[in-house]
1. Can you find, among Thr148, Ile96, Gly47, the residue sitting farthest towards the positive end of the charge dipole of the chain, where Lys and Arg contribute +1 and Asp and Glu -1 at Cβ?
2. Residue separation times 0.36 nm, minus the C-alpha to C-alpha distance between Leu164 and Ser123: what's the value?
3. Mind giving me the FRET efficiency for Ala35 and Lys2? R0 is 25 Å, r the Cβ-Cβ distance, nearest 0.05 is fine.
4. Test of understanding: express the Cα radius of gyration of region 33-109 as a ratio to 2.2 N^0.38 Å, with N the residue count.
5. Mean residue ellipticity at 222 nm from the helices of the chain, using -39,500 (n - 2.57) per DSSP H segment of n ≥ 4 over the full residue count, to the nearest 500 deg cm²/dmol?
6. Around Asp39, with a cut-off of 14 angstrom between Cβ atoms, what is the net charge of the other residues, counting Lys and Arg +1 and Asp and Glu -1?
7. Using 0.36 nm times the number of residues separating Phe97 and Ile138, minus their current alpha carbon distance, what extension gain do you get?
8. Order these peptides, 31-39, 78-86, 150-158, 115-123, by their mean beta-carbon neighbour count within 10 angstrom, highest first.
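What follows is calculated from the coordinates using simple rules that are stated; it is not laboratory data. In this text, all values refer to a predicted model and were calculated from it rather than measured experimentally. A quick note on method: Cβ atoms are made from the backbone with ideal geometry, for glycine too, and the neighbour counts reach across all protein chains shown.
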Amino acid sequence: MKRIWTLFFVIAGISFYSAQSMAGFYIEPKMDYNALSLDASGINVDGLKGTTIGARLGYDLAVFVLALDYSAGSLDAEIGGATKSADSSRLGATFIFAPPVIPFNLLAGYYTAKLDTDTTDYSGDGTKFGVMFTMLPIVNINLEYFNTAYDKDSLRDKGLTIGLSADFSL
């Protein structure tokens, strides 16, 4: 976690130093729908789905955005005829490449994650890659692929997120 904060402040410090007048604070509230699969010690659980809400806060340098990214929500899965649920949260750093003319942005990020079930709490870290399609000047449709490795039971998850967001540069 300290590495993420250190990286964020170093890059933000460099950005503030060399920022042009087009730079500004970046705020992006978002709501996502997640579909993922879990793999724990060779046992695979597909169909884990749910919604998360969150935000990205950072610094916009016209073509590049560096942001702190947070999302949290609840995920549900049908296992053996019963519905199981888990609370999920992710906190990390996201880098966005936003070309001025093309109607999509590319993003990549590193995050720490928590997954809390009825019986066990997991923590881990992972990476994500995605595309943000800009249909209107503010509204984005986000498609992200993520891959997380947790600390217990050789638990891994991977999946897709599709969502809506509204980005504001102040």
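1. Ile96
2. Numbers: separation 41, 0.36 × 41 = 14.76 nm, distance 2.62 nm.
Here the answer is 12.1 nm.
3. 0.20
4. Working it through for region 33-109, the quotient is 1.44.
5. -3500 deg cm²/dmol
6. 0
7. That pair, Phe97 and Ile138, stretches by 13.2 nm at full extension.
8. Per-residue mean Cβ counts within 10 Å order the peptides as 31-39, 150-158, 115-123, 78-86.
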